[in-house]
Amino acid sequence: MLSRMSVVIAMVALLMVAAGVQAKGDSQRGQGLRYDCIECHGMDGKGNFETPEIAGLDEAYILEQLRNFYSRKRDSLDDMMHLYTEDRTDQDLQDLAAYWASMREQ
């Protein structure tokens, strides 16, 4: 029979593993959501003199930045990135991050 402490430790370990799991974005769905992005970052995600290149960046990094814009932890010019992310679900942000990360040069 398991002791109470063993059960508690097992539950804590399970919760820690579950918290570390993050749904992977769907790049195909992200492609359909990219239209706000291409206004400033371009069809290829290469950006311009005002906006950074986003194509091919690490998916986790892109997602973190999108979440930061959404929550206003990060500012952008004229608050545009918050305006573009505020109506998105977290799954939308994951899908966009997957799409732009998949745009690495071949």
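Here are the numbers:
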read-out: Virtual spin-label span in nm between TYR35 and ASN48, 7 Å along Cα→Cβ; value: 2.0 nm
read-out: Nearest-20 debye value, the stretch 53-99 charge dipole, Cβ charges on Lys, Arg, Asp, Glu; value: 160 debye
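No value in this document is a laboratory result; all are computed from the given coordinates. Please read these numbers as outputs of a predicted model, since none were measured by experiment. A quick note on method: Cβ atoms are made from the backbone with ideal geometry, for glycine too, and the neighbour counts reach across all protein chains shown.
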